[in-house]
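Only one structure is covered here, and it is reproduced in the block below.
The values are calculated or read from the model by the stated rules, or taken from the named source; none is laboratory data. What you are looking at is a predicted structure, and each value in this text was computed from that prediction instead of being measured. Glycine gets a Cβ as well: all are built from the backbone with ideal geometry, and neighbour counts include every protein chain shown.
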């Protein structure tokens, strides 16, 4: 069975700090890894990573994949209170997404 | 325009009742999903349908019966509701072929509370 493990489970930071979220995976037939942000409602898509070592960037968020060591990291720089959310990592396989348990990020003003 | 919509948003009901949740997507996607998110925020796949055909049924009790009348709709009917069914249920859709995968778009969720 596919396995996706995220760490830490939660963290609290102050505005302006940088956070690094980790996601490790064990899947058969790896094709991609996805990051989602979930605030109060539906998860919203952040990144899809398919190739090792190529950083994807969107504003203050960036992510990278290491297919040899089987992990991905999501970085958020200069955090703002609006970054407070649960960040979910997921791996698709056979018409489903296997999610990690998520990392709850709380950014204090 | 809403991409993936679900109704109702909230559902409070008694144990033993039967209820349905509806999902519609206007993205033209071929694949639709139901996920359950428990109180610990863990999202777990329940079903996936591709072109109206059931592809995944992840050891869900057969009190849960999905129905896909067409590619744009995937409804979830739950019989004999139990306390443990309380959760948020998310519908999602994507353009997946089983070989290539694209991002899944999620509906707003239905919070089901069984009393």
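When the residues of the range A:8-25 are filtered to those that are loosely packed, with under 15 Cβ neighbours inside 10 Å and not in a loop (DSSP other than H, G, I, E, B), the one that is farthest from the other protein chains (Cβ to nearest Cβ) is A:14. Among residues of the range A:85-109 being away from chain B (no Cβ under 14 Å) and touching a strand residue (DSSP E or B) at 6+ places or on another chain (Cβ under 7 Å), the one that is nearest to residue A:36 (Cα to Cα) is A:107.
Residues of the range A:31-55 that are within 9 Å of another protein chain (Cβ to nearest Cβ), under 22 Å from residue A:69 (Cα atoms) and touching a residue at least 40 places away in the same chain (Cβ under 8 Å): A:31, A:32, A:34, A:36. Note on the range B:49-67: residues that are under 21 Å from residue B:19 (Cβ atoms), out of contact with any helix residue (DSSP H, G or I) (no Cβ under 9 Å at 6 or more places or on another chain) and part of a strand (DSSP E or B) amount to 6.
Of all the numbered requirements in (1) under 28 Å from residue B:115 (Cα atoms); (2) more than 10 Å from chain A (Cβ to nearest Cβ), residue B:58 misses one, and that requirement is (2). Scanning the range B:37-51 for any residue that is at pLDDT below 95 and over 29 Å from residue A:87 (Cα atoms) turns up at least one such residue. Anything in the range A:31-66 that is assigned to a loop (DSSP other than H, G, I, E, B), at pLDDT 95 or above and surrounded by 13 or more Cβ atoms within 10 Å (Cβ to Cβ)? List them, or say none. A:60, the sole residue that qualifies. Out of curiosity, is residue A:72 within 14 Å of chain B (Cβ to nearest Cβ), surrounded by 17 or more Cβ atoms within 10 Å (Cβ to Cβ), part of a strand (DSSP E or B) and at pLDDT 95 or above? So residue A:72 fails the test. Looking at this structure, is residue A:28 surrounded by fewer than 13 Cβ atoms within 10 Å (Cβ to Cβ) and either away from chain B (no Cβ under 14 Å) or farther than 18 Å from residue A:6 by Cβ (or both)? So residue A:28 passes the test.
Could we say that residue B:40 is closer than 30 Å to residue A:5 by Cα, surrounded by fewer than 15 Cβ atoms within 10 Å (Cβ to Cβ) and out of contact with any strand residue (DSSP E or B) (no Cβ under 8 Å at 6 or more places or on another chain) here? Spelling it out, residue B:40 is indeed closer than 30 Å to residue A:5 by Cα, surrounded by fewer than 15 Cβ atoms within 10 Å (Cβ to Cβ) and out of contact with any strand residue (DSSP E or B) (no Cβ under 8 Å at 6 or more places or on another chain).
Taken together, B:36, B:9 contain a single residue that is touching a residue at least 60 places away in the same chain (Cβ under 8 Å), within 13 Å of another protein chain (Cβ to nearest Cβ) and within 13 Å of the chain's Cα centre (by Cα), which is B:9. Considering the range A:75-96, and only residues there that are modelled with pLDDT of 95 or more and part of a loop (DSSP other than H, G, I, E, B), the residue that is farthest from residue B:56 (Cα to Cα) turns out to be A:78. Just to verify a result, which residue in the range B:98-115, among those that are in contact (Cβ under 8 Å) with a residue 24 or more places away in the chain and assigned to a loop (DSSP other than H, G, I, E, B), is farthest from the other protein chains (Cβ to nearest Cβ)? Here the residue is B:115.
If you check B:86, B:80, B:65 for being on the phi > 0 side of the Ramachandran plot and away from every other protein chain (no Cβ under 13 Å), only one passes: B:80.
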